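Notes for the one structure printed next.
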Amino acid sequence: MVKLEAALQEEAREMRAVFAEVMEELSQKDKRVVYLDADIINSIGMTDFWKAHPDRTVNCGIQEANMIGMAAGMSATGLIPFTHTFGTFATRRVMDQVFLSAAYAKLNVRIIGSDPGVTAALNGGTHMPFEDMGMMRCIPGVTILEPTDSVMLADLMRQTKDRYGVFYIRLSRKKAEKIYGDGSTFEIGKAVKLRDGNDVMLFATGIAVADALRASDLLAKEKISAGVSNMFTIKPIDEQAVIEAAKFSGAIVTAENHNVINGLGSAVSEVLTGHHCCPLERVGVQDRFGEVGDVAYLKKTLHLTAEDIAEAAKRAIARKG
């Protein structure tokens, strides 16, 4: 059951605090839960967990590939490993280990990649993953999730604990904008429709969801009816939601904090070309590297704002027919 907040607002707690809280909850309920980190335990708020559970926490050091290999081995013994490092290192640096040691071996590993896209902010282009979802999309059987706020994060963590397979969870560490009411639950693989719209559907993920809602408000002032759906599962994509939106509204915009190549926009376009074509505009990073700056500056520089989404919607609508 999904409950929506009446208005957008910044959450009181950071996402990493909720992550640590739910990890403690899961560890209390299931002694098979273990945690591995690549020397940034404090950055994700897991220092207290480490102190409380030194026998179930492994600081692997700056050895991300070894961390995934260790997690795969732990999974083979029946444990349920959660691993964490920054999104750049959780994907680019460990591609072979995720592919072979975890996915190819059909093991049970959760990979948390934090600070996705522009949320890496002042860490700059070297730590700014715009390609992480694309890399994980290429590995057979990997489920890719991007929680929108802390309510969704907590629910998805609880679900993945009891699901088998390789999961990549794209997680912003700082405060999110609260979209969902407490107690909301979500179905992995199913988009959450936040608003109906006759003229265009905005599919968004991660931090782009709040901006898609703002874009819908901007478009409403121009008498344009824009629906909004949160596509928090990038793989497997909700094909039915895309097909229904294409048939009903006849125009789609995707919005993501990721390269437009091989992310949400690509996943949606693959569905459209296979089932029901309609105009599609992709708002995302236009195949470039990141840079140093705060999130607001980077969103404006990379054309990821609500205004950019609204303009994309008008372009998609103009292409109908």
- Message: On the basis of being within 29 Å of E187 (Cβ to Cβ), of a type in the set (G, A, S), in contact with a strand residue (DSSP E or B) (Cβ under 9 Å, 6 or more places away or on another chain) and loosely packed, with under 14 Cβ neighbours inside 10 Å, does A72 make the cut?
- Response: no
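Please report, ordered by residue number, the strands (runs of 3 or more DSSP E) entirely within the stretch 194-254 with at least 3 residues that are in contact (Cβ under 8 Å) with a residue 60 or more places away in the chain and assigned by TED's automatic domain parsing to the domain that holds G284.
Numbers: elements: 200-204, 226-230, 233-235.
Filter on the stretch 194-254 gives 200-204, 233-235.
Taking the stretch 133-182 on its own, how many of its residues are part of a strand (DSSP E or B) and not aliphatic (A, V, I, L, M)?
Here is the first cut: in the stretch 133-182, the ones part of a strand (DSSP E or B) are 143-145, 166-171, 177-180.
Then drop every residue that is not not aliphatic (A, V, I, L, M), which leaves 143, 167-168, 170, 177-178, 180.
Total satisfying the criteria: 7.
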- Task: Tell me, yes or no, whether the stretch 172-181 has at least one residue that is outside the structural domain of T301 (by TED's automatic domain parsing), in contact (Cβ under 8 Å) with a residue 12 or more places away in the chain, surrounded by fewer than 24 Cβ atoms within 10 Å (Cβ to Cβ) and closer than 17 Å to K235 by Cα.
- Result: no
- Query: Which of (1) surrounded by fewer than 19 Cβ atoms within 10 Å (Cβ to Cβ); (2) among the polar types (S, T, N, Q); (3) in contact with an Asp or Glu (Cβ under 7 Å, 6 or more places away or on another chain) does T47 not meet, given it meets every other one?
  - Reply: (3)
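This table checks each residue for (1) surrounded by fewer than 21 Cβ atoms within 10 Å (Cβ to Cβ); (2) of a type in the set (K, R); (3) not in a loop (DSSP other than H, G, I, E, B).
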residue: C277; (1), (2), (3): yes, no, no
residue: G284; (1), (2), (3): no, no, yes
residue: R288; (1), (2), (3): yes, yes, no
residue: E291; (1), (2), (3): yes, no, no
residue: Y297; (1), (2), (3): yes, no, yes
residue: K300; (1), (2), (3): yes, yes, yes
residue: A310; (1), (2), (3): no, no, yes
residue: A313; (1), (2), (3): no, no, yes
residue: I317; (1), (2), (3): yes, no, yes
- Task: Determine if the stretch 50-65 includes at least one residue that is hydrophobic (A, V, I, L, M, F, W, C), buried (at least 17 other Cβ atoms within 10 Å of the Cβ), within 26 Å of C138 (Cβ to Cβ) and within 22 Å of the chain's Cα centre (by Cα).
- Result: yes
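Here's the yes/no breakdown for (1) among the hydrophobic types (A, V, I, L, M, F, W, C); (2) farther than 22 Å from H275 by Cα; (3) in contact with a helix residue (DSSP H, G or I) (Cβ under 9 Å, 6 or more places away or on another chain):
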residue: L145; (1), (2), (3): yes, yes, yes
residue: I169; (1), (2), (3): yes, yes, yes
residue: A191; (1), (2), (3): yes, no, yes
residue: L202; (1), (2), (3): yes, no, yes
residue: L219; (1), (2), (3): yes, yes, yes
residue: K223; (1), (2), (3): no, yes, no
residue: G227; (1), (2), (3): no, no, yes
residue: K235; (1), (2), (3): no, no, yes
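The values are calculated or read from the model by the stated rules, or taken from the named source; none is laboratory data. Note that the structure is predicted; figures quoted are calculated from it, not measured. For neighbour counting, all protein chains shown are included, and Cβ atoms are generated from backbone atoms with ideal geometry for every residue, glycine included.
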